[in-house]
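Data first, discussion second: the structure below is written as structure tokens.
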Amino acid sequence: MGKLNTKSQKIIFTIQCSIKSDANEFRKWANDRAAKYVFNLKEEKTISYEWYLSDDNSEATLVESFIDSDGAMQRLNNHMSSPIAEEIMQHVDIKEWLVFGNSKQDLIDALTPFGAKFKKHHSGFNHSSE
């Protein structure tokens, strides 16, 4: 069980998107292609990679979590060199990218050009980690 107000190293991405491809085509791609591809990378510091859809299937949110900033950087580097990087732009327009946690400078430098906004960890607890 986590302790109250312990400094967390976890990084969380929330990437808000509008779906521009056919909703069924996007759902199939996210399920059978994107999630499967990332899962098979077996990145040791990636905790989760999850897509969420609005009720009308017009918006999607990708939530990714990592053990630490280095894990987030590994995911980003793997993404940039993967076929998924090109494919995702066929399916969505990214509207907002939030990064929660104490990001190292290399991650900040890599994501700032994409318009990412950074929020530092302050306080709280997490019963599922550490």
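Some values worked out for this structure:
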item: Leading residue by the ranking (nearest to Trp97 (Cα to Cα)) among those in the range 40-74 that are part of a strand (DSSP E or B) and hydroxyl-bearing (Ser, Thr, Tyr); result: Thr61
item: Number of positions in the range 102-116 that are surrounded by 14 or more Cβ atoms within 10 Å (Cβ to Cβ) and either small (Gly, Ala, Ser) or within 14 Å of the chain's Cα centre (by Cα) (or both); result: 5
item: Selected residue (only one of Lys36, Lys95 is surrounded by fewer than 17 Cβ atoms within 10 Å (Cβ to Cβ), in a helix (DSSP H, G or I) and among the basic types (Lys, Arg)); result: Lys36
item: Every residue from the range 98-116 that is within 17 Å of Gln16 (Cα to Cα) and either in a loop (DSSP other than H, G, I, E, B) or touching a helix residue (DSSP H, G or I) at 6+ places or on another chain (Cβ under 9 Å) (or both); result: Val99, Leu111, Gly115, Ala116
item: Residue pairs meeting the criteria (Cβ under 9 Å; at least 6 apart or on separate chains; first without any contact (Cβ under 8 Å) to a residue 60 or more places away in the chain, in the range 23-34; second assigned to a helix (DSSP H, G or I) and surrounded by 12 or more Cβ atoms within 10 Å (Cβ to Cβ)); result: Arg33/Ile84; Arg33/Glu87; Ala34/Ile84; Ala34/Glu87; Ala34/Ile88; Ala34/His91
item: Scope the range 1-33; condition more than 15 Å from Ile88 (Cα to Cα), among the basic types (Lys, Arg) and surrounded by 14 or more Cβ atoms within 10 Å (Cβ to Cβ); matching residues; result: Lys10
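We did not get these values from a lab; they are worked out from the coordinates using the rules stated. Predicted model, so just to flag it, every value in this text is computed and none were measured. Glycine gets a Cβ as well: all are built from the backbone with ideal geometry, and neighbour counts include every protein chain shown.
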